[in-house]
Amino acid sequence: MTTPLSDLERIKVNSRYLRGTIAEGLRDPVTNAISDDDNKLLKFHGSYLQDDRDLREERRKQKLEPDYAFMLRARLPSGVVTPAQWLVFDRLAREHANGTLRITTRQTFQWHGIIKHHLKPTIAAIHDALASTIAACGDVVRNVVSTPNPVESTAHALAYEWASKLSLELSPRTHAYHEIWLDGEPLVGEPKDEEPLYGTTYLPRKFKIGLAIPPLNDIDVFAQDLGLIAIIEQGRLQGFNVAIGGGMGATHGDPSTYPRLASVIGFVDPERLLAVAEAVVAVQRDWGNRSERKHARLKYTIDHRGLDAFKAELASRLGYELEPARDYQFDHNGDRYGWIEGSDGRWHLTLQIESGRLADTDDHRWLTGLRELATVHEGDFRLTCNQNVIVANVAADQRERIDAIVAAHGLDAYRTQSGIRRHAVACVALPTCGLAMAESERYLPLLLPKLEALLGEHGLTDAPILLRLSGCPNGCSRPYLGEIALVGRAPGRYDLRLAADFSGHRLNQVYRENVDEAAILDALAPLFADYAASRAQDEHFGDFLVRTGVISVNPRRIPAEVVA
Ligand code: SRM
Ligand code: SF4
């Protein structure tokens, strides 16, 4: 008996290449929402319908429809933003959204709180700024991420180019985006769009690609469906190790869903990279589960069919096998704050933006500060997968001017911050995320001082510890790769997970299930004390917990070549 296809497959196939009735829905003045089917298609255009969950109950009592507004996500390969684009994005945040810009964990921007009739002008303005929102969400290859540190060498610059080529090559081809958002001429009759890679049903599920340049695993390459590890020898880019089947999402209480680290399956030279990436995507397109969306990501396809079977299929489609993986070494995660000089003598300044939220508040004026930087900066900006921003490509004689703006807007806090704060990432969660079970972004500033106080008692203020908060097990902050992670269960309650490593090679494990803040702090206090008393030199917190047996590691959750 064949299992019926999921409802989304019906919606995709009937959508006329992602058109549905989105255009009509946008014009409907009766509601601030659009239909459910169109909302699912809208994701492929980079937007989600959301409602303010803080107001939900009150509006229900008042018999009002929920406070609907749209979230919009840009597609910015490798997170590169020009100053001119920055100024446009900033203006859109203030004129059409909730007055904030949100840097995501996949190095792009989100705008929240866009009301329906503002969506089209916002997308059109992003397009005019030579950017896009197409395929920022949906069952397609998403924004390709890559190590954002710009030009440490020419090999680094080349690696970027490949990330951009991948992003372009694997974008959908439908004209729907132009028609709906940019007043492009509709195709007459039945649309003749061609989607050579995706066909009419696109992919079974989202597909993520990331490119890391060792020794920095700042993009969490093993969390990607397709992870690429640049191999640079004697300053030359040789090619990429290919890792497949990473993913974070899980569902509480359902062991058939789980985070998985990508398995390294071989090496490819740059000339063959696009073909290999396309072939991996195509096998997933054809083999992925289109009945159960919960089991549709590449990681489940691989575990279901077997890694060897997947590799054999890939080789047969390519007509060759990948070469054996080359040696590489990651030694850290997270971002390196402050100024770094590139090999060409230009400078790059990484600033920390807590949870990636650029806003003006009583405490700081980060949105304004970045706008002012964009008005004088002659290089570009790079968003990072840790929700931070790099003011990149600064001439040496411009540094002082940049530093003055940074200091004037409270953007220089990274200089004095604790190790854990410098390595904290939190997903959006409430009030906009419809899937949030607990607070995350809004909880981080409340939790951090308490953790800092505990760490301070043991002289651990400067210890770099990866902290990840997610409001639910979907894992948008990649919490399963945190040395300490909280994964939301219910308001005020989290699973406390511990002991990922510091370079993204090992998943953490549950240490306390469904606990509140007091229990979390109680659980951590003695561990911090032991760590302070008996850690080895330079030993990271996660490694210490494993070495001392507090956490035992599940080898299945470590990339294949590390186990071997
Ligand atoms: Fe995510 C769904 C936010 C990175 C795994 N994610 C969502 C939605 C769209 C909720 C929804 O479906 O209604 C969230 C919107 C919240 C809001 O109000 O803005 C959301 N995800 C985010 C962002 C903004 C988190 C952040 O704080 O920065 C990140 C946007 C990335 C981007 O620019 O494209 C974000 N999401 C991730 C990551 C991290 C990554 O990719 O490196 C993951 C884990 C990796 C992975 O995909 O396995 C992630 N998001 C999910 C999942 C679980 C997917 C799964 O396989 O189970 C969902 C739920 C789903 O797809 O059904 C989800
Ligand atoms: Fe929402 Fe959950 Fe993702 Fe957080 S992890 S943004 S709560 S889907």
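If you check K299 against the conditions, is it more than 16 Å from ligand 2 (Cβ to nearest atom) and either within 23 Å of T3 (Cα to Cα) or surrounded by 20 or more Cβ atoms within 10 Å (Cβ to Cβ) (or both)?
Answer is yes for this residue.
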Among what's in segment 250-280 and is more than 29 Å from G471 (Cα to Cα) and either in contact (Cβ under 8 Å) with a residue 60 or more places away in the chain or of a type in the set (S, T, N, Q) (or both), pick the residue that is farthest from ligand 1 (Cβ to nearest atom).
P270
So how many residues does segment 469-528 have that are in contact with a Lys or Arg (Cβ under 7 Å, 6 or more places away or on another chain) and on the phi > 0 side of the Ramachandran plot?
2
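Yes or no, residue by residue, for (1) over 30 Å from S167 (Cβ atoms); (2) out of contact with any His (no Cβ under 7 Å at 6 or more places or on another chain):
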site: P4; (1), (2): yes, yes
site: A23; (1), (2): no, yes
site: T31; (1), (2): yes, yes
site: D52; (1), (2): yes, yes
site: E58; (1), (2): yes, yes
site: E65; (1), (2): yes, yes
site: L72; (1), (2): no, yes
site: H96; (1), (2): no, no
site: G99; (1), (2): no, yes
Could you check how many residues of segment 496-509 are touching a Leu at 6+ places or on another chain (Cβ under 7 Å) and touching a residue at least 40 places away in the same chain (Cβ under 8 Å)?
8
Please go through segment 222-249 and pick out each residue that is more than 18 Å from V280 (Cα to Cα), touching a residue at least 60 places away in the same chain (Cβ under 8 Å) and not in a strand (DSSP E or B).
G235, M248, G249
Positions within segment 108-130 being open to solvent by less than 10 Å² (accessible area, probe 1.4 Å) and more than 16 Å from ligand 2 (Cβ to nearest atom), in sequence order
I114, L119, T122, I123, I126
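With respect to I219, is the statement that it is under 21 Å from A155 (Cβ atoms), within 16 Å of ligand 1 (Cβ to nearest atom) and touching a residue at least 40 places away in the same chain (Cβ under 8 Å) true? If you could, list the steps in order and put the result at the bottom.
Working: under 21 Å from A155 (Cβ atoms): yes; within 16 Å of ligand 1 (Cβ to nearest atom): yes; touching a residue at least 40 places away in the same chain (Cβ under 8 Å): yes.
Against the criterion (under 21 Å from A155 (Cβ atoms), within 16 Å of ligand 1 (Cβ to nearest atom) and touching a residue at least 40 places away in the same chain (Cβ under 8 Å)), I219 qualifies.
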Condition (residue is out of contact with any strand residue (DSSP E or B) (no Cβ under 6 Å at 6 or more places or on another chain) and of a type in the set (A, V, I, L, M)) applied to segment 376-389: is it met by at least one residue?
yes
Test each condition in (1) open to solvent by less than 80 Å² (accessible area, probe 1.4 Å); (2) not assigned by TED's automatic domain parsing to the domain that holds L203 for H96 and report the one that comes out false.
(2)
Could you list all residues from segment 18-58 that are open to solvent by less than 70 Å² (accessible area, probe 1.4 Å) and either touching a Pro at 6+ places or on another chain (Cβ under 6 Å) or not assigned by TED's automatic domain parsing to the domain that holds H117 (or both)?
D51, D52, R53
Which condition number does R489 fail, the rest of (1) near ligand 2 (Cβ under 8 Å from one of its atoms); (2) not in a loop (DSSP other than H, G, I, E, B) being met?
(1)
Taking the stated definitions as given, is L481 more than 12 Å from ligand 1 (Cβ to nearest atom) and within 30 Å of P214 (Cβ to Cβ)?
no
The correct count of residues that are within 8 Å of ligand 2 (Cβ to nearest atom) and of a type outside the set (A, V, I, L, M) in segment 422-456 is 4
For segment 102-117, enumerate the residues that are outside any loop (DSSP other than H, G, I, E, B) and either more than 7 Å from ligand 1 (Cβ to nearest atom) or in contact with a Gly (Cβ under 8 Å, 6 or more places away or on another chain) (or both).
R102, I103, F109, W111, G113, I114, K116, H117
G227: passes all of (1) crowded, with 17+ Cβ neighbours inside 10 Å; (2) of a type in the set (G, A, S); (3) over 30 Å from K40 (Cβ atoms) but (3)
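If I ask for residues that are among the basic types (K, R) and either buried (at least 17 other Cβ atoms within 10 Å of the Cβ) or more than 29 Å from P186 (Cα to Cα) (or both), which ones from segment 1-17 would you list?
K12
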For R535, all conditions in the list (1) over 21 Å from the mean Cα position of the chain (by Cα); (2) among the basic types (K, R); (3) open to solvent by less than 40 Å² (accessible area, probe 1.4 Å) hold save one; what is the number of the exception?
(3)
Hits in segment 396-421 (condition: closer than 22 Å to D522 by Cβ and either among the hydroxyl-bearing types (S, T, Y) or within 16 Å of ligand 2 (Cβ to nearest atom) (or both)):
S418
Looking for something touching a Cys at 6+ places or on another chain (Cβ under 9 Å) and more than 23 Å from Q284 (Cβ to Cβ) - is there at least one such residue anywhere in segment 176-192?
no
Looking only at residues that are within 16 Å of ligand 1 (Cβ to nearest atom) and basic (K, R) in segment 439-476, which one is surrounded by the most Cβ atoms within 10 Å (Cβ to Cβ)?
R468
Just checking, which of P270, P324 is open to solvent by 30 Å² or more (accessible area, probe 1.4 Å) and closer than 27 Å to H156 by Cα?
P324
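The values are calculated or read from the model by the stated rules, or taken from the named source; none is laboratory data. Only a predicted model underlies this, so the values are computations on that prediction, with no experimental measurement involved. A quick note on method: Cβ atoms are made from the backbone with ideal geometry, for glycine too, and the neighbour counts reach across all protein chains shown. When the accessible area is computed, the model is the full protein with side chains, heavy atoms only, and any ligands, DNA or RNA have been set aside. Shrake-Rupley method; radii C 1.70, N 1.55, O 1.52, S 1.80 Å.
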